[in-house]
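Structure first, commentary second.
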Amino acid sequence: MAETAADTPLLQTPLHDRHVALGARMVPFAGYAMPVQYKEGILTEHLWTRENAGLFDVSHMGQRFLIGADHATTARALETLIPADIQSLQPGKQRYSQFLNSEGGILDDLMVTRPADPDEDGVLYLVVNAACKNEDDALLEKLPLTFIRADHRALLALQGPKAVDALARHAPGVAAMGFMESIATSFDGIPINVARSGYTGEDGYEISVANDKAVAVFDALLAEPEVKPIGLGARDSLRLEAGLCLYGHDIDTTTSPIEGQLQWSIQKRRREAGDFPGAARILKEWTEGPARKRVGILPDGKAPAREGTEIMKDGAVIGRVTSGGFGPSVNGPVAMGYVTSAFAAPETQVELMVRGKALPARIVALPFVPNRFVRKQS
């Protein structure tokens, strides 16, 4: 996890006092005081989310609005920074993408939502990473659009197979939503915006609500029998098992979307036009293959391989681990990292240099735990 300099005052989310009252262990993260775990601990919180519903405070993330004359105008402007096809994004839909530099490296990853309301035709809603907010804002401010930092809004994530049951008791319409869909609705009369997405590989929702109403929503959800509060520790182990990238670790300015196995996020129209930052490198890697690839790694035994661990093959270094730890649902260590493409095939046998010892491991397909996103039938 990212750390904050000791002499930097920490920001607080609107739910800070609730976390403290619930016995959370608070840690510095991306400039905020955030709960890493509650009283029951990371392992219990992780497994509860997989089986029930976990409630996360993700208000440190950056919520942003771009506003233009109409959808085409706003979408074309944003597409100068990212490789996703936003012009074809339908009302009430969400799409994942990345801010790219001129070399095709990833500056940050983000979610882009087009509101369903026809009165918001020129509006796009973005969620960016907490640690990258200032740099992302500098990019977005240069666009010929109205740019709004939505710091007046909190963001909650309700994740797990029973999230739909808990939320549907308070918010009309959420049960009928499909994965990556967004609606404006109300929570016991409180206006909210809801997307059916998240960061755990489970079904779930992200809920945007005014800061002064966040505690009411948080407390009402925690009163539901399926729901418990979950901290950043379990959020990290859940996303690792789900094979999801963490910016600054699994993707950064040196990695391209192709190396990161994120090519699915670049739609056909953008590939054919080649009109996004770093297109020359990215399209070349698309055609010829990248020199390295992000892979899943399953160590033998119980010793976890942490970030920075060298990945070896026949005595030579072929890559490094970028995320690693214990996977509670897998009941063993799991890791992700980059290896030379020649060794990226599943079931390739490798060694991990852990505390000076070469430990056996193998390359595996991601995710470690099958995702359970809810997709509508055609």
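Output the residues belonging to the stretch 208-220 that are under 22 Å from the mean Cα position of the chain (by Cα) and not β-branched (Val, Ile, Thr).
SER208, ALA210, ASN211, ALA214, PHE218, listed by residue number.
Residues VAL227, VAL215: which one is modelled with pLDDT of 95 or more and crowded, with 19+ Cβ neighbours inside 10 Å?
Exactly one residue qualifies, and that residue is VAL227.
How do the pairs read when you match residues in the stretch 222-246 that are closer than 14 Å to GLU51 by Cα with residues anywhere that are among the hydroxyl-bearing types (Ser, Thr, Tyr) and part of a helix (DSSP H, G or I), using Cβ under 8 Å and keeping only pairs 6 or more apart or on different chains?
Hits for this filter: ILE230/THR49; ALA234/THR49; LEU238/THR49.
Do the conditions hold for ASP108, that is, is it touching an Asp or Glu at 6+ places or on another chain (Cβ under 8 Å), among the charged types (D, E, K, R) and assigned to a strand (DSSP E or B)? Before you say what the answer is, go through the steps one by one.
Values: touching an Asp or Glu at 6+ places or on another chain (Cβ under 8 Å): yes; among the charged types (D, E, K, R): yes; assigned to a strand (DSSP E or B): yes.
Here the answer is yes, as ASP108 does meet what is asked.
I'd like the residue in the stretch 352-378 that is within 14 Å of GLY315 (Cα to Cα) and surrounded by fewer than 20 Cβ atoms within 10 Å (Cβ to Cβ) and, out of all such residues, is modelled with the lowest pLDDT.
The selected residue is GLY356.
Residues checked against (1) in a loop (DSSP other than H, G, I, E, B); (2) surrounded by fewer than 21 Cβ atoms within 10 Å (Cβ to Cβ):
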position	(1), (2)
GLY243	yes, no
PRO257	yes, no
ARG271	no, yes
ASP275	yes, yes
THR287	no, yes
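One line per residue, one yes/no per condition, for (1) surrounded by 16 or more Cβ atoms within 10 Å (Cβ to Cβ); (2) farther than 28 Å from PRO35 by Cα:
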site	(1), (2)
LYS133	yes, no
LEU145	yes, yes
LEU155	yes, no
LEU158	yes, no
PRO161	yes, no
HIS170	yes, no
GLY173	no, yes
ALA176	no, yes
ASN193	yes, no
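Can we say LEU124 is surrounded by fewer than 18 Cβ atoms within 10 Å (Cβ to Cβ), at pLDDT 95 or above, farther than 13 Å from GLY62 by Cα and hydrophobic (A, V, I, L, M, F, W, C)?
Criteria not met by LEU124.
Which members of the stretch 337-351 meet the condition of being surrounded by 18 or more Cβ atoms within 10 Å (Cβ to Cβ), touching a Lys or Arg at 6+ places or on another chain (Cβ under 6 Å) and assigned to a strand (DSSP E or B)?
Those that are surrounded by 18 or more Cβ atoms within 10 Å (Cβ to Cβ), touching a Lys or Arg at 6+ places or on another chain (Cβ under 6 Å) and assigned to a strand (DSSP E or B): GLY337, TYR338, VAL350.
Would you check if there is a residue in the stretch 179-188 being of a type in the set (A, V, I, L, M, F, W, C) and part of a helix (DSSP H, G or I)?
So far as the stretch 179-188 goes, no, none of its residues is of a type in the set (A, V, I, L, M, F, W, C) and part of a helix (DSSP H, G or I).
Scan the stretch 100-117 and give yes if some residue there is out of contact with any Cys (no Cβ under 9 Å at 6 or more places or on another chain), free of Cβ contacts under 8 Å to residues at least 12 places away in the same chain and among the acidic types (Asp, Glu), otherwise no.
Within the stretch 100-117, none of the residues are out of contact with any Cys (no Cβ under 9 Å at 6 or more places or on another chain), free of Cβ contacts under 8 Å to residues at least 12 places away in the same chain and among the acidic types (Asp, Glu).
Being among the charged types (D, E, K, R) and either outside the structural domain of ASP212 (by TED's automatic domain parsing) or out of contact with any Lys or Arg (no Cβ under 6 Å at 6 or more places or on another chain) (or both) is the filter here, so list the residues in the stretch 165-192 that pass it. If you could, list the steps in order and put the result at the bottom.
Within the stretch 165-192, the first condition is being among the charged types (D, E, K, R), and the residues that meet it are 165, 169, 181, 188.
Once the filter is applied, which keeps residues that are among the charged types (D, E, K, R) and either outside the structural domain of ASP212 (by TED's automatic domain parsing) or out of contact with any Lys or Arg (no Cβ under 6 Å at 6 or more places or on another chain) (or both), the stretch 165-192 yields ASP165, ARG169, ASP188.
All but one of (1) more than 30 Å from ALA273 (Cβ to Cβ); (2) assigned to a strand (DSSP E or B) hold for SER97, so report the exception by its number.
Answer for SER97: the failing condition is (1).
The values are calculated or read from the model by the stated rules, or taken from the named source; none is laboratory data. Everything numeric here is computed off the predicted structure, so don't read it as measured data. Glycine also receives a Cβ, built like all others from the backbone with ideal geometry; neighbour counts cover every protein chain displayed.
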